[in-house]
Amino acid sequence: MSYASPLLSLPGAVAADAPDGGVAAHYGDLFREQRALDQGRGLVDLSHREVITVTGADRLSWLHLLLTQHVEQLPAGQATEALILSAKGHIEHALYLVDDGTTTWIHTEPGSRAALIGYLESMVFFYRVEVADRTDAFAVVFLPAGSITEVPGDWVVRETPYGRDVFVPRGELAAFADRAGPAAGVLAYEALRVAGHRPRLGRETDHRTIPHELGWIGSAVHLAKGCYRGQETVARVHNLGRPPRRLVFLHLDGSEVKIPEHGAPVRLAADGAEGRQLGFVTTSARHHELGPIALALVKRNVPADAPLLAGDTPAAQETIVEP
């Protein structure tokens, strides 16, 4: 049976589509919800995301061997993010982590826990670690930067420059949302993510994406740590070349009624709708100040100042990853 958040019973809630099925897309007013988040008010229900914990004396040193991020001496309470790569350096998982001093808490994309836990458990060997699926017990809720909502002291919080991810006991989700509201939907959250140029696994990635293409070097990939699967590709591209594609931010023509869908082709505007495809739209959104916007993954050699077509929509680009 598919997941359905209890917050879908709130007034005005409209269910989101995949990959965010199970939570609200919005509660009746997308721009009002965005403005509230920008002002540090409200919360976003991310309870469809999946929660994994790692316990044991060796948890950080063990994770350090597997992840792209330097976590061996991760201080308690410090948020970080990390990737798991294939042997060829392609992104397989994106993990959002915090350690509370005894347990490493991770949330990740809906539908990814089985593969992620399977990989982690296959790498335990003789290390003193235990991997557990805690999705049924804990829900993720996002509080925007500037929020003054009080969180119980025994709850785990992952604090970032743009807000707090709170691991809420599922039985207390509705009550916490009532205290921390008003609720905003994932469309508002995604619009702010796009405006912040923050990539997301499964939206900005495909089966061959490497971290350099999305600007994940630094924030999720540490270039001066020990070996991990896929490190050879990361080091080679960083030291000897440039990635074949790059993430760009698009300002979309506001006169269009529709915004391009995920996967819509990106072409040079000068070549028209029949021109050669040079990339694809990864996420598009309607922003309360910027209007229609998007992220797209394009070939590295696309001129950085060239007007583009995102699907049928004219678009001006801003550089995120340098050509």
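The values are calculated or read from the model by the stated rules, or taken from the named source; none is laboratory data. Remember, predicted model here, so these are calculated numbers, not experimental data. Counting neighbours? That spans all protein chains shown, and the Cβs are built from the backbone with ideal geometry, glycine included. What goes into the accessible areas is simple: the full protein's heavy atoms, side chains included, and nothing from ligands, DNA or RNA. Shrake-Rupley method; radii C 1.70, N 1.55, O 1.52, S 1.80 Å.
Scanning segment 1-37 for residues that are crowded, with 19+ Cβ neighbours inside 10 Å, acidic (Asp, Glu) and more than 21 Å from His262 (Cα to Cα) turns up just one, Glu33. So is Ser284 of a type outside the set (D, E, K, R) and open to solvent by 50 Å² or more (accessible area, probe 1.4 Å) or not? Criteria not met by Ser284. If you check Leu223 against the conditions, is it open to solvent by 50 Å² or more (accessible area, probe 1.4 Å), part of a loop (DSSP other than H, G, I, E, B) and among the aliphatic types (A, V, I, L, M)? Yes; evaluated as a whole, the condition is true for this residue. Going by the conditions given, is Ile84 on the phi < 0 side of the Ramachandran plot, within 21 Å of the chain's Cα centre (by Cα) and touching a residue at least 24 places away in the same chain (Cβ under 8 Å)? When the stated conditions are applied, Ile84 passes them. If you go through segment 1-13 and keep only what is out of contact with any Ser or Thr (no Cβ under 7 Å at 6 or more places or on another chain) and within 23 Å of Arg179 (Cβ to Cβ), you end up with Tyr3, Ala4, Pro6, Leu7, Leu8, Ser9, Leu10, Pro11, Gly12, Ala13. Against the numbered list (1) more than 15 Å from the chain's Cα centre (by Cα); (2) more than 16 Å from Val186 (Cα to Cα), Ile106 comes up short only at (1). Taken together, Ser61, Ser47 contain a single residue that is touching an Asp or Glu at 6+ places or on another chain (Cβ under 6 Å) and either open to solvent by 40 Å² or more (accessible area, probe 1.4 Å) or modelled with pLDDT of 95 or more (or both), which is Ser61.
Go through segment 266-323 and report how many residues are in contact with an Asp or Glu (Cβ under 7 Å, 6 or more places away or on another chain), more than 30 Å from Ala36 (Cα to Cα) and polar (S, T, N, Q). Residues in segment 266-323 being in contact with an Asp or Glu (Cβ under 7 Å, 6 or more places away or on another chain), more than 30 Å from Ala36 (Cα to Cα) and polar (S, T, N, Q): 0 in total.
Taking first residues from segment 117-140 that are in contact (Cβ under 8 Å) with a residue 12 or more places away in the chain and under 19 Å from Phe167 (Cα atoms) and partners that are open to solvent by less than 40 Å² (accessible area, probe 1.4 Å) and among the polar types (S, T, N, Q), the Cβ contacts under 7 Å between residues at least 6 apart in sequence or on separate chains come to Ala132/Thr53; Arg134/Thr53; Ala139/Ser47; Val140/Ser47. Applying the criterion of at least 1 residues that are at pLDDT 95 or above, surrounded by 17 or more Cβ atoms within 10 Å (Cβ to Cβ) and of a type in the set (Phe, Trp, Tyr) to the strands (runs of 3 or more DSSP E) found wholly in segment 124-220 leaves 138-144, 163-169. Reported count of residues in segment 294-320, each being over 21 Å from Ala191 (Cβ atoms), among the hydrophobic types (A, V, I, L, M, F, W, C) and either open to solvent by 50 Å² or more (accessible area, probe 1.4 Å) or in contact with a helix residue (DSSP H, G or I) (Cβ under 7 Å, 6 or more places away or on another chain) (or both), is 1. In segment 232-264, the qualifying residues are those that are under 27 Å from Ser61 (Cβ atoms) and free of Cβ contacts under 8 Å to residues at least 24 places away in the same chain, and the one that is least open to solvent (accessible area, probe 1.4 Å) is Ala235.
Would you mind stating whether Gly254 is farther than 26 Å from Ala304 by Cα, out of contact with any helix residue (DSSP H, G or I) (no Cβ under 6 Å at 6 or more places or on another chain) and modelled with pLDDT under 95? No; evaluated as a whole, the condition is false for this residue.
Take the conditions more than 22 Å from Pro211 (Cα to Cα) and at pLDDT 95 or above and apply them to Ala87. Does it pass? Judged against the criteria, Ala87 is not a match.
The lone criterion from (1) part of a strand (DSSP E or B); (2) among the polar types (S, T, N, Q); (3) in contact with a Leu (Cβ under 8 Å, 6 or more places away or on another chain) left unmet by Thr53 is number (3).
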